[in-house]
Structures are given as C-alpha cells and as structure tokens.
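So the structure is just underneath, and the comments pick up after that.
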Amino acid sequence: MKTKRNGVTNIQKIIEVAPYVLEILVALGLIIFVHELGHFMTAKWFNVRVRRFALGMGPIIVKWVRGETEYSLRWVPIGGFVDLVGEHPDAEEADDPRGLWRRPAWQRIVVFSAGVVMNALLALVFFALAPIIGIEAIVPVAGGVLPGMPAEKAGILPGDRLVTIN
C-alpha cells in the first residue's frame, strides 16, 4: 500500500482525499436526513404511527426508542427510511386506525411527497445563504499556451490570470 508514484505515496493520496470524502458523506447525510424528516413530520402531523426512523442502511450502529418510534443510525451511509404503520393497503396492520392507508388520499400524497418538498426547501435555503456566507470561486489562470494558437497571438502567457473575455 506504500507504493510511490511521482513521489507521492498512496497514504498521502488518501490523506489528501479524505476531507473531500468526509464532506460528501456529511452533505449526503444532511440531504437524506432532511428528506426522511419530511416524511416523518407529515406522518406525525396526520397522526400516522411511525414505527422506525433510520438514517443509513444495513446493520444498526446505535438505536434508541422515544415514544412509539425506534430511531437508528446504520452503517451504510446511503439512504434512510421511515417505517409507517399501514404503509401498504395489504399489510397486516392496514386496518390500524392510525395506519397510513386509513388516511384520506390527499394526506397520503402529502406524506409521500414531503421528502422531495423538504429537499427543495433545503436547496432554497442554501441558495439564499450562499451569497451571504460567500462562495469560493476558482480563479481562471492560463495553464499553458500552444504555439501559433490565438492565446499566444493575444500575448497570453502561462500563469496569466484571465479577468475578462471580450
């Protein structure tokens, strides 16, 4: 694992890439959490019984029960789920008075679409905050100039910062 390529070891590359991987996992986790929270909140609002709320998939890392709902964090950080009683009309507990299929159609539509709506609201919040917080812009710098090409004829040299184009 300690092979060198161009003077850089694999361990150095992993250390260099690790913060970006962590940022992606945190962003994905936030998106999944907000999405599932949308389903969860609307189900609770319409008095649908929620059995489980989970972030991640696969084996459970940690779980706890609060009220009638089991909350868990799982090992595979892709996805999540909200397990609602009576989610399918032919499920065992479909006749439960607090089951989802006992609710009017408009409430079921709201519960099912709430995840996407919450993600859209999260995007709006980020778009509103981005100009306030600031956005890191990549500075356009000429990396190389090919002989005889328009950039050379215009006098651009490698390393020049490009400010405007026409």
Checklist entry - Is it the case that the stretch 27-38 has a residue that's β-branched (Val, Ile, Thr), assigned to a strand (DSSP E or B), under 24 Å from ALA114 (Cα atoms) and modelled with pLDDT of 95 or more? => result no
Checklist entry - Is there a residue being in contact with an Asp or Glu (Cβ under 6 Å, 6 or more places away or on another chain) and open to solvent by less than 30 Å² (accessible area, probe 1.4 Å) anywhere in the stretch 109-118? => result no
Item to check | The lone exception for TRP106 - which of (1) surrounded by 10 or more Cβ atoms within 10 Å (Cβ to Cβ); (2) free of Cβ contacts under 8 Å to residues at least 24 places away in the same chain; (3) within 29 Å of PHE33 (Cβ to Cβ) it fails | outcome: (1)
Checklist entry - For the subset of the stretch 119-139 comprising residues that are modelled with pLDDT of 85 or more and more than 23 Å from LEU37 (Cβ to Cβ), which member is most open to solvent (accessible area, probe 1.4 Å)? => result ILE132
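The values are calculated or read from the model by the stated rules, or taken from the named source; none is laboratory data. Computed from a predicted model, the values in this text were never measured in an experiment. Here the Cβ is made from the backbone with ideal geometry for all residues, glycine too, and neighbour counts use every protein chain on show. For the accessible areas, the whole protein counts, side chains as well, though only heavy atoms, and no ligand, DNA or RNA atoms are used. Shrake-Rupley method; radii C 1.70, N 1.55, O 1.52, S 1.80 Å.
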